[in-house]
Structure formats: structure tokens, C-alpha cells
């Protein structure tokens, strides 16, 4: 890319950083540093604000860069992702959002621990939440790295590393100083920018084809070299039964994973009532659905206008399709228009990554401080404030995510997010649903269900072709691959549910009738909710 | 979007009787642990909070709210999950059917994908309408019932206690 591109993108991106840092200082003035303030911003956001923030939290680099890239490379099979990402919100809306708002305080573990003996449940749910968050963070870091790689070309290896570290450092600053209030406003700003960018590009693509969607599809199919097959499923996930099951696994993980993502669950606590939580999800579904509809146009547009070969040459897994498309729409890589649009899109993508990273870091620091540290600290240990622990946790989690992000540099972002969803669906969703709806659920069932989903999911990923045994894996040199699928969901999600059931029926503990009555009444009426 | 929110949504804020900021966050003040439940004076077990919840759970009003919630959510969840699984399975195992053209470049697969978007939007609208019209008011009433019972209980306990110390 030309230096003109780089300078402009850097200026726009610095502007975003300046604005968000400004927001952070603005909202953290005369803040009283309570946990209520730090984790959930005082619970005073309006449904619309929270809806935008949820959308901003959810539409990560995986959506903007990953899905459009997959569509540009594999046609219809990329679209399967966006369907899963959207339909998942019905699970959240119907079964989780309102009930979690009514029963919990800051984290997923709050909901479960209210019914059970607290310590083991908190440790289990905290551990799985942190695992999910770290996986999700790695995906965002990889996205940041590939963007910089595109901006600076091959010469930028050092710059890539520096950017990933810089993104990590920035998010720690946001989260530690601004807490949930700053994080939310960053996400709102980002959601508006992202929707604006997507609308602009979509309109430009459709104008190219004179508003004729049919013609867009036809030219995409022609340019792809696959003809009509580009428009129907099977290019990526249809070669053999392994890849078919791989997609079923991914599809299951996507649709069930969202409801178990810690950073999404924590967003429901930022509004005053369950009704407000419901209305924020409705806002979020409208925004997210609209956005994914636009990624379809962008993905096929990139295939038709830029061409899959050029996309693949820039980034093997397609993460850079949209920035390339933007440069093309602006008039080509060498022109001012191209440079402006390219810089605009690159800056939005950076903003996206930063905002999502801040949200996840905040949620996982809450899991560490509120669940893990609170349960594991020695009784007579020096009294520290919960918020101080959460700030330290944010730094630690940032460091781990940066290290892993540098390692996983060449994987597709949407695919990495698929892994995080699989772990969330296996470890977090079963325990959450059982706690809310099963009268006979016991402490042992809760603990078993978390570990029974978490351990298989993580072990299967380690044994999968993602980590070893294929040229694209993390460690291509060695092979300890025993599990054929890339995504563990198809096996680990049923295992999570099964383990919870098994733990419950084998436990000697009498299920607490009164505790369940309390959970049920509170979840549906909001009685006693904070 | 949901425009029937009414002005009440924004007003339940800091004056919310359930807003219990002091009980949140350990290590911020002196007393991190919540006070243990006080034993009822006079040797007679006073009804605890859990009794209130059991009572409300058995009440007809709550059963009505719960059955309305489940009556919508269970079939709707089963429906959209089946539709989604059918879509994923068809996309992976029956690409032939999915590739059948409908008009122009648009084929069955694209229509099914857009159908998933459409059904998601419709179900979201239906759920939020159902909750607003059929559940919200009853749930709020129950919330107040629980609150009032807890307050009465607290009063009784305080009265008993002051009687106990005055003796």
C-alpha cells in the first residue's frame, strides 16, 4: 500500500483513539470506584444505548473482516456463519437476557451460585468464562495483526507485533480507568462508525451494479472461477464428510455459544430492569441483522470487484477483503478516493477491534476478581478492593491474549471466534440453562456441567488439526492430531449437557426446593433484583 | 422497534427499592460480609425470605406468568432451532437441492439463508410484543407483592426484637 494510505489511516485511527481516551477521562471524572460502577456502569444505560453497545460488542473483527472475507473466498459457505451468528440471538432473547438480568449481579457465576454452594460453582464458572474470553481476545488480536500487515505490507513484521502489543496496552488503559461506562461509550461510538462504514460500502457496491443484486451474484460467481457453485453451499464445507461434520459442529457452536459469552451476559446488567434488557436485545438484533445482511453484499462485492485471487494474495484466510474492496470502490489503490476509503475502513476495523477487546477484557477481569479471586483468596489475606483486583486482572489477561495472538497470526479470525463460541456453548450455556429451568439441579451437577463441557472442548481443540498435523496449524512441524474436526462443538456441547445431568442424578445432595423457587420467581418477575 | 415503552422505563432508577448499592462489592467498606439472618425472637420461627418465594411460586398469579412465558418460549425455541438445524444439515448434506436455481442467480440456498434472517426478525418482534402485552404487568405486580411481604416481615422482626430488648 502507498504511504498516503498509511498516513491517512493512521490519522483517522489516532483520532478514534483520542476520542475514546477523551471519553474515558470524561466518564471517569468524579467516579467513586465502586464495583457497581466499574463492572456495570451503575446500571443506568438506556435500552437503546445498551442495544448499540451490545451490537458494538458482538460485531467483532470476525464479523467485519472474517465473514466478508470468507464469502469473498468461498461464496455461500461464508454466509452460513452470519446466519448462525444472528439466529443465536433468539436463544439470548428468549431464554437468557431477562432472566439473567433479574437473577445475577455482575457475572454468569452469580446466577448459578445463587442456588448452589457458592465456592466450587464460582471457581468453575469463573475459569470457563476466562477461557472463553481469552480465546475470543486472541481472535481480535489476530485481526489487528492482519490489518497492520495489510497496511504496511511484508516489511511490517515488527510493526505487526508492536500493533498487537499496542492494542493490548490501550485496552488495559480503557478498562482500568474507565470501567464499564467508558467501555460502553467506546462500543456505542464504534457501532455507529461500523454501521456507517458498512452502509457506505454497501451502497457503493450496489451502485456499481445499478442496484441489481442478481447481477452482483452473477459477476461474483464468474470472477470466482467456480461458476454457479460459488453461490451454493459446499465449496468450503462440502468436500468430504469430515468437513461437513465440521460445519455442523461450527453451526451448533455459533447458535448456542452467544448465550454463554461472558462479555455479552455482562451487558445485560448495565440496564436497570429486565424489560430494558429485553429491549436492548431487540435493538441489538435489528442492528446485527442489518449488519450481517450488508456483509453478504460486501463479501460477494469483494469477490466480484476485487476477485478471490487478489484477496487471497493479500491474506490467505481472507481477512483483508473488505479494506481491499474499499480501496477499489474509491477508485483503485493508487487514487486519492481509494486511499481515503481504504483508510476509513481500516480505521473502523481498528476501532472495532479495540472496542471488542475492551469489552471482553472488562468481562474477564470481572470473572477473575468477582468469581475466582473472591473464592480462592485466603480468608485472612490482606483486604484489597475488588476493583483493584479487577484492574490487575485486566493487565494479566491482556498479556496472555497478546502472547497467544502473536502465535496464532495466520488463522482466520471468524474461525478462531468459532472456537470461543464452542467453548462458551459447551461450558457456560448448559449450566446457565439448568440453573434457570431445572428444579432438581444440584451443586455437583453445576460443577460437572462446567468442567464436562470445558475440558472436552479445550482438549479436542488441542488434538484437532488447528493445533498440529496440517500445514495451516499452529505447530505444523509436529503431529498429535487425533480429532478430525476443527470445531469441537458437535461433541463437547452434548457432553456439557450430559455431564450436568449425570452430576445431578448421581449427587446425594437434596436439591433446594426453596432456592429454586427463589430463582424461578426472581428470574420471571424481577423481585429482589439489583 | 419497540416504541411502546412508555415513560416509566426511564424513571425506575436510583429510587428503585431494590437498588442495594451497599451490598455490592467486597473489600470496599469495613463489613464485606452481609449480616447473617437474625434469629426470630420469641423462639417461634418467623417466615424467611425463602418462604415468601415458595408462597409466591405456588400462587396462581405466578403460575399464570410462568405458563404464559413457557407457552411462548418453548414452542418458539423448538421451532427456530429445528429450522436452523434443518438449514445447516441441508446446506452441508444436500447441496444439490440447495443449488437449484429459483430466479436469476438466486437459488434455494440463498432464499433459505434470507429466510433465516426474516424468521429471526419476526420472532424477535413476536416475542417482545407477547412479553409486553401478556407478561410485563403481571410480573411487575408480583415483584411488588414480594417486596411488600419482605417489608412486612422485616417490620415484624424489628417489632419483635424491640419488644425482646425492652423486656
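Taking the stretch A:388-399 as the region of interest, how many residues are buried (at least 16 other Cβ atoms within 10 Å of the Cβ) and either modelled with pLDDT under 85 or within 30 Å of residue A:314 (Cβ to Cβ) (or both)?
Total satisfying the criteria: 1.
Determine whether residue B:90 is at pLDDT 50 or above, more than 8 Å from chain A (Cβ to nearest Cβ), within 30 Å of residue B:158 (Cβ to Cβ) and part of a helix (DSSP H, G or I).
Spelling it out, it is not the case that residue B:90 is at pLDDT 50 or above, more than 8 Å from chain A (Cβ to nearest Cβ), within 30 Å of residue B:158 (Cβ to Cβ) and part of a helix (DSSP H, G or I).
Within the stretch A:118-138, work out how many residues are more than 13 Å from residue A:397 (Cα to Cα) and surrounded by fewer than 22 Cβ atoms within 10 Å (Cβ to Cβ).
Result for the stretch A:118-138: 4.
Looking at the stretch A:175-213, which of its residues are more than 30 Å from residue A:21 (Cα to Cα), modelled with pLDDT under 90 and either assigned to a helix (DSSP H, G or I) or in contact with a strand residue (DSSP E or B) (Cβ under 6 Å, 6 or more places away or on another chain) (or both)?
The answer is A:213, and nothing else.
With A:522, A:439 as the choices, which residue is within 14 Å of chain B (Cβ to nearest Cβ), closer than 26 Å to residue A:278 by Cβ, in contact (Cβ under 8 Å) with a residue 40 or more places away in the chain and not in a helix (DSSP H, G or I)?
That would be A:439, the only listed residue that is within 14 Å of chain B (Cβ to nearest Cβ), closer than 26 Å to residue A:278 by Cβ, in contact (Cβ under 8 Å) with a residue 40 or more places away in the chain and not in a helix (DSSP H, G or I).
Would you check which residues across the stretch B:54-72 are free of Cβ contacts under 8 Å to residues at least 12 places away in the same chain and closer than 26 Å to residue B:124 by Cβ and list them?
Answer for the stretch B:54-72, where residues must be free of Cβ contacts under 8 Å to residues at least 12 places away in the same chain and closer than 26 Å to residue B:124 by Cβ: B:66, B:67, B:70, B:71.
In the list B:94, B:112, which residue meets the criterion of being over 22 Å from residue A:102 (Cβ atoms), over 20 Å from the mean Cα position of the chain (by Cα) and buried (at least 18 other Cβ atoms within 10 Å of the Cβ)?
B:112
For the list (1) more than 8 Å from chain A (Cβ to nearest Cβ); (2) surrounded by 13 or more Cβ atoms within 10 Å (Cβ to Cβ); (3) modelled with pLDDT of 70 or more, I need the number of the one condition that residue B:41 fails.
Just one mismatch for residue B:41, condition (3).
Tell me, yes or no, whether the stretch A:498-511 has at least one residue that is part of a helix (DSSP H, G or I), on the phi < 0 side of the Ramachandran plot, touching a residue at least 60 places away in the same chain (Cβ under 8 Å) and within 12 Å of chain B (Cβ to nearest Cβ).
There is no residue in the stretch A:498-511 that is part of a helix (DSSP H, G or I), on the phi < 0 side of the Ramachandran plot, touching a residue at least 60 places away in the same chain (Cβ under 8 Å) and within 12 Å of chain B (Cβ to nearest Cβ).
For the stretch A:474-491, which residues satisfy the criterion of being closer than 19 Å to residue A:245 by Cα and either free of Cβ contacts under 8 Å to residues at least 12 places away in the same chain or touching a helix residue (DSSP H, G or I) at 6+ places or on another chain (Cβ under 8 Å) (or both)?
Residues satisfying the conditions are A:483, A:484, A:485, A:486, A:487, A:488, A:489, A:490, A:491.
Looking at this structure, is residue A:279 more than 17 Å from residue A:75 (Cβ to Cβ), facing another protein chain (nearest Cβ under 7 Å) and assigned to a helix (DSSP H, G or I)?
yes
The values are calculated or read from the model by the stated rules, or taken from the named source; none is laboratory data. For clarity, every value in this text was computed on a predicted model and none was experimentally measured. FYI the Cβ positions are ideal-geometry reconstructions off the backbone, even for glycines, and counts take in every protein chain you see.
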